[in-house]
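The values are calculated or read from the model by the stated rules, or taken from the named source; none is laboratory data. A quick note: this is a predicted structure, and the numbers were derived from the prediction, not measured. Cβ placement follows ideal geometry from the backbone for every residue including glycine, while neighbour counts extend to all protein chains displayed. These accessible areas exclude ligands, DNA and RNA; they are computed on the full protein's heavy atoms, side chains included. Shrake-Rupley method; radii C 1.70, N 1.55, O 1.52, S 1.80 Å.
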Amino acid sequence: MKTQVGIIGGGPSGLLLSQLLHKQGIANVVLEKHTREYVLSRIRAGVLEHGFADLMREAGVAERMDREGEIHDGFEIADGGGRRRVDLKGLTGGKTVIVYGQTELTRDLYDARAAAGGTVLHEVDDVQPHDLETDAPFITFRHNGENQRLDCDYVIGCDGFHGVSRKSIPKDRLREFERVYPFGWLGVLSRTKPVSPELIYARHERGFALCSLRSQVLSRYYIQVPLSDTVDDWSDDAFWRELKHRLPADVAANLVTGPSIEKSIAPLRSFVAEPMRYGRLFLAGDAAHIVPPTGARGLNSAASDIYYLYHALVDHYQKGDDGGLDRYSEKALARVWKGQRFSWWMTTLLHTFPESSAFERRLQDTDLAYLFSSEKALGSLAENYVGLPF
Ligand code: APR
Ligand code: PHB
């Protein structure tokens, strides 16, 4: 097989890039390890920055997102029994976010690729990029029981944190930066009316909690749990009881509980791999960086990688200009690290750290008090949350 751009990974990053390149007449193939159903079964993020939403529109895949997604002008932070609102729209001169599940967005991208006759191969095994330091890289893999080879001009690693792309870069050419947090998030999806029309991030001495949603009939809740916990430690009743403990009384009183249709624990990690390029291999999304979900930056950090790569590849193929490709890693990392800082800051602000000293807990109290005492501090939070410019 031969194509112009070989994309490893059929998650949101790989599919969005594939669709954007297709719209510009740039041939590409997506190699995905799992089935479409498996990829869609993973419950992930739910908040889209305006930059990501604009990319979906440019890719011609935003019709359902714009119809079913909810525009959110703000969210609340609960602490010590009270709640205070962060007015995203007012603090950013009108910018908002869209609440629309990553599952639905990925489904829309799969449907668009299929409608356009795109090549997305599922259940691909033993994917391995080769000759990345030459101008004729290729990817070997197994598909339908046969050994295959895909010759391409560029290989894009959109294969997530556990993928093969980052691991194909020689160790002496890669620097990795990581912080692992001493807790995880236990998440529940339930077919219940959301407790609040806007998201509520709750700080509590028993641990962090988040009230989110996918629609007016589908709620998404999280509570911070010790890393030693497993899903089996948490019955639905135990989850709802603990969530109520961590919410202000008036919110807890309105919480509509119901059976969990999905329940999982995700560890929290900050991670960045530098550089995001090795010869003809470019990393994008979770393949290159991971953030704790607190700041809703995961999918949105992937968006700017895809934006830069898309424009760089169009410049290469349509203008013979490789400036975007040459500057990709530096440009992508500059925004990735701003997302890392924001996610780390929100995580540090809102979670209960088992080992924190009395001094650190006072700092946390003061950080929150300062935030709500200063329009400028709130403005900084808001401009990061709605998405810094690409
Ligand atoms: N070969 C082919 N595909 C692979 C391989 C491999 N060796 N390893 C992983 N994959 C696939 C996975 O099955 C997955 O579908 O690559 C895809 C990577 O998708 P994501 O992990 O969702 O990463 P990305 O597309 O960058 O999206 C980032 O997803 O995980 C969330 O929080 C994250 O919201 C963020 C978003
Ligand atoms: C979610 O709805 O899954 C979600 C929303 C906001 C976050 C994290 C997760 O910060």
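If I filter segment 329-348 for residues that are outside the structural domain of Arg246 (by TED's automatic domain parsing) and of a type in the set (Asp, Glu), do I get at least one hit?
Yes; the residues of segment 329-348 include at least one that is outside the structural domain of Arg246 (by TED's automatic domain parsing) and of a type in the set (Asp, Glu).
When you look at Phe177, is it within 23 Å of the chain's Cα centre (by Cα), under 30 Å from Phe353 (Cβ atoms), within 16 Å of ligand 2 (Cβ to nearest atom) and among the aromatic types (Phe, Trp, Tyr), yes or no?
No: the conditions fail for Phe177.
Mind listing just one residue for me: the one in segment 122-134 that is outside any loop (DSSP other than H, G, I, E, B), near ligand 1 (Cβ under 9 Å from one of its atoms) and within 25 Å of the chain's Cα centre (by Cα) and, of those, farthest from Tyr278 (Cα to Cα)?
Ranking the candidates gives Asp125 first.
Return the pairs, sorted by first residue and then second, in which the second residue is part of a strand (DSSP E or B) and within 16 Å of ligand 2 (Cβ to nearest atom), the first residue lies in segment 149-163 and is not assigned by TED's automatic domain parsing to the domain that holds Pro12, the beta carbons are less than 7 Å apart, and the residues are 6+ apart or on different chains.
So the pair list comes out empty.
Could you list all residues from segment 80-109 that are more than 16 Å from ligand 2 (Cβ to nearest atom) and among the acidic types (Asp, Glu)?
Asp87, Asp108
Going by the conditions given, is Leu186 over 30 Å from Leu31 (Cα atoms) and of a type in the set (A, V, I, L, M)?
Criteria met by Leu186.
Answer with yes or no whether Ala202 is assigned by TED's automatic domain parsing to the domain that holds His162 and either within 30 Å of Val155 (Cα to Cα) or touching a residue at least 24 places away in the same chain (Cβ under 8 Å) (or both).
Spelling it out, it is not the case that Ala202 is assigned by TED's automatic domain parsing to the domain that holds His162 and either within 30 Å of Val155 (Cα to Cα) or touching a residue at least 24 places away in the same chain (Cβ under 8 Å) (or both).
So how many residues does segment 193-235 have that are open to solvent by less than 40 Å² (accessible area, probe 1.4 Å) and either within 21 Å of the chain's Cα centre (by Cα) or away from ligand 2 (no atom under 14 Å from the Cβ) (or both)?
24
Just one of Ala59, Ala53 is away from ligand 2 (no atom under 16 Å from the Cβ) and at pLDDT 95 or above; which is it?
Unique residue meeting the criteria: Ala59.
Can you name every residue in segment 317-328 that is in contact with a helix residue (DSSP H, G or I) (Cβ under 6 Å, 6 or more places away or on another chain) and of a type outside the set (A, V, I, L, M)?
Once the filter is applied, which keeps residues that are in contact with a helix residue (DSSP H, G or I) (Cβ under 6 Å, 6 or more places away or on another chain) and of a type outside the set (A, V, I, L, M), segment 317-328 yields Asp321, Asp322, Gly324, Tyr328.
I'm checking my understanding of the structure. Among residues of segment 2-16 that are aliphatic (A, V, I, L, M) and near ligand 1 (Cβ under 9 Å from one of its atoms), which one is farthest from Val127 (Cα to Cα)?
That would be Leu16.
Within segment 157-184, take every residue that is part of a loop (DSSP other than H, G, I, E, B) and in contact with a Ser or Thr (Cβ under 7 Å, 6 or more places away or on another chain) and give me the one that is surrounded by the most Cβ atoms within 10 Å (Cβ to Cβ).
Within segment 157-184, the match that is surrounded by the most Cβ atoms within 10 Å (Cβ to Cβ) is Cys158.
Scan segment 11-46 for residues that are out of contact with any Ser or Thr (no Cβ under 8 Å at 6 or more places or on another chain) and away from ligand 2 (no atom under 16 Å from the Cβ) and report the count.
Total satisfying the criteria: 21.
Report, by residue number, each residue of segment 353-389 that is outside any helix (DSSP H, G or I) and of a type in the set (Ser, Thr, Tyr).
Within segment 353-389, Ser356, Ser357, Ser373, Ser374 qualify.
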